[in-house]
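Chemist: Below you will find the structure I want to go over with you.
The values are calculated or read from the model by the stated rules, or taken from the named source; none is laboratory data. Keep in mind that this is a model prediction, so the values were computed, not measured. In this analysis, Cβ positions are derived from the backbone assuming ideal geometry, glycine residues included, and neighbour counts consider all displayed protein chains. The protein model used for the area step is the full one, side chains on, heavy atoms only, and it has no ligands, DNA or RNA in it. Shrake-Rupley method; radii C 1.70, N 1.55, O 1.52, S 1.80 Å.
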Amino acid sequence: APWKPPADPMPFPPDYVWGTATSAYQAEGATDVDGRGPSIWDTFAAVKRNIRGGANGEPGADQYRRYESDADLMSDLGVGAYRFSISWSRIQPTGSGPVNQAGVDHYRALVEALVRRGIRPAITLFHWDLPQALQDAGGWRNRETAARFAEYARIAFDAFGDVEADWFTINEAKTHAFVGHWFGVHAPGLTDPDAAAAAVHHQLLAHGLAVQAFRASRAKGRIGIALNLLPAYPTDPDATGGAERVDASENRLFLDPVLLGSYPSDAIGPYPGSLPADATAFEALQLPGDLEVISEPCDLLAIQYYGVTGVDPNGNTVEIAPTSAATWQQIRAEGLYDVLTRLRDDYPPIPILITENGMPDPLPAVTIDDPYRVDYLRTHFQQAARAIDDGVPLIGHFVWSLLDNFEWAEGYAQRWGIVAVDFTTQERMPKASAGFFSDVIAANAVSPA
Ligand code: GBH
């Protein structure tokens, strides 16, 4: 029977973190200012057919110039933390070498604007916008990119480490590897499963090296990796192999190396539901010591949850829950509870932060009236509270997204914000869900309806 919320509001722990999230290429605009170098998303979006409507990051939500008023907006909502990402090519325009001070100054100003308002910075180092010069040298197929990333991370820890913050090394290594290197739908637009497998290992290596650099620095705060997890439910309880393969490639391929120090044996190879890359070649990428680096202990695990999938016995994903305007998103709030309790049961204990969770408006829509999003957030907050009651060390919850923004290959057609953006005037307008979120934060509790 489906779970029912109790009649009384479900409280959250007193120090629970409520946040909103964006990422650099999606929200900043200002792609050609202050010495920023090109990233793979500039290159990818320059090919009009890659993005719905031929859109790109310009002018976008223009947060590069509007961060001060966006911080006010968050302050009005009562948000306690803001998760943004640093654009690597603003800090190092070619991905290595000297620091571009104007880029550092920008993020310093953003961080100060947050801190002044009591908003904790939650900083992602890499949200898919690799400097183009590094892509030209092979990108994440090339092991060297992990070393370059560790250098860039060191620069960021030195520049902002005096501030109490949460740090995330890599955003959704899976999406960047699979959608960018295997499906060809995101930058760099490759369609090569072996490149995807290399991008998995080298991003995870980059993560581990950055955690080591964090420990060696004097940076304050906590560090972890942001993994998007997808519960995979078998459609036939007597034939679960397909769902296990999908679980291996979607979840365990990332959780196991980071939290257990080993790769699962069933995520890569010619099995239905697996990443169809050469497993022997994948193993050859793993040099002695790599898994120790990758499993360098973190302070927290960041997870991003959007929905679920069904899997048939052949490893094909099938629809088992209602989808949103993002057809990949099958909405089922209980899946969040399942993910959280699974982490509790299958992995060593570690504080968990939900760093993304949300849904888009239906198409075609520019609206501030979003009852479906209120419902989505309420039911997911309820499942989070339920998981906490059941012993999951969940410490906070970020909504994706603060703002309507550049939704990658979907351009500006899919609006994920709790605050609407007019993409002609860049004017902000809070949606009903922003008011709802604000009430939840104020009460630090979620009601049944
Ligand atoms: C997150 O990814 C991202 O971190 C964020 O930047 C993004 O804006 C947000 O979610 C909303 O999408 O190519 O058709 O197979 C969410 C997880 C997993 C969603 C991969 C798209 C593949 C789509 N993503 N998925 S498809």
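Chemist: What share of the DSSP beta bridges in the range 273-425 is antiparallel, in percent to the nearest 5?
Modeler: On the way: 4 of 12 bridges.
The answer is about 35 percent antiparallel.
Chemist: Could you point to the residue in PHE406, SER85, VAL33 farthest towards the positive end of the chain's charge dipole, with +1 and -1 charges on the Cβ of Lys/Arg and Asp/Glu respectively?
Modeler: VAL33
Chemist: What FRET efficiency, computed as 1/(1 + (r/R0)^6) with R0 = 35 Å and r the Cβ-Cβ distance, is obtained for ASN316 and ASP390, rounded to the nearest 0.05?
Modeler: It comes to 0.65.
Chemist: Still on this structure: When the dipole is taken about the Cα centre of the range 201-313, and only Lys, Arg (+1) and Asp, Glu (-1) are charged at their Cβ, what size is it in debye, to the nearest 20?
Modeler: In debye, rounded to 20, the range 201-313 gives about 760.
Chemist: Given a Förster distance of 35 Å, report the FRET efficiency between SER69 and ASP278 from their Cβ-Cβ distance, rounded to the nearest 0.05.
Modeler: Here the calculated transfer efficiency is 0.10.
Chemist: Give me the one-decimal nm value for the distance between modelled label points at THR367 and ARG49, 7 Å along each residue's Cα-to-Cβ direction.
Modeler: That separation, rounded to one decimal, is 3.3 nm.
Chemist: Also, I was wondering about something else. Given the C-alpha centroids of the range 56-80 and the range 361-414, what is the distance between them in whole angstrom?
Modeler: Here the two parts' Cα centres lie 18 Å apart.
Chemist: Scan the chain and note any complete DSSP helix (H) whose C-alpha atoms cover at least 30 Å along its axis and whose Kyte-Doolittle average is -0.5 or more.
Modeler: 193-216
Chemist: Rounded, prolate or oblate for the chain? Axes are the square roots of the Cα gyration tensor eigenvalues, ordered a ≥ b ≥ c, and the cut-off for rounded is a/c under 1.5. Write out the running numbers ahead of the final one.
Modeler: On the way: a/c = 1.29, a/b = 1.01, b/c = 1.28.
Since a/c stays below 1.5, the shape of the chain is classed as rounded.
Chemist: Next question, about the same structure. Could you tell me the center-to-center distance, by alpha carbons, between the range 186-245 and the range 278-334 in angstrom?
Modeler: If you average the Cα positions of each part, the centres end up 7 Å apart.
Chemist: Now a separate question. Per DSSP H run of n ≥ 4, the term is -39500 (n - 2.57); total these for the chain, divide by its residue number, and report the mean residue ellipticity at 222 nm rounded to 500 deg cm²/dmol.
Modeler: Taking each H run of at least 4 residues, the total per residue is -11000 deg cm²/dmol.
Chemist: What are the trypsin sites (Lys or Arg not before Pro) within the range 45-102 that DSSP puts in a loop, where the Cβ has at most 11 other Cβ atoms within 10 Å? Walk me through the intermediate numbers first.
Modeler: Numbers: sites: LYS48, ARG49, ARG52, ARG65, ARG66, ARG83, ARG90; in loops: none.
The qualifying sites: there are none.
Chemist: If each residue of separation counts as 0.36 nm, what is the full-extension length gain between ASP76 and ASP105 once their alpha-carbon separation is subtracted? Write out the running numbers ahead of the final one.
Modeler: Numbers: separation 29, 0.36 × 29 = 10.44 nm, distance 2.52 nm.
That pair, ASP76 and ASP105, stretches by 7.9 nm at full extension.
Chemist: Something else now. Please report the relative contact order for the range 279-424, taking Cα pairs under 8 Å with a sequence separation of at least 6, and give it as a percent rounded to a whole number.
Modeler: 23 percent
Chemist: With every protein chain present, what is the per residue accessible area of the range 266-306 (1.4 Å probe, Å²)?
Modeler: Working: 1740 Å² over 41 residues.
With all protein chains present, the range 266-306 gives 42 Å² per residue.
Chemist: Any aspartates and glutamates with Cα under 12 Å of the LYS4 Cα? List them, leaving off those in the same chain fewer than 8 positions away.
Modeler: LYS4 reaches GLU334.
Chemist: Test of the criteria: in the range 123-155, which trypsin sites (Lys or Arg not before Pro) are in a DSSP loop and have at most 16 other Cβ atoms within 10 angstrom of their Cβ? Before the final figure, lay out each step's value.
Modeler: Numbers: sites: ARG141, ARG143, ARG148, ARG154; in loops: ARG143.
Within the range 123-155, the qualifying trypsin sites (Lys or Arg not before Pro) (loop, at most 16 other Cβ atoms within 10 Å) are ARG143.
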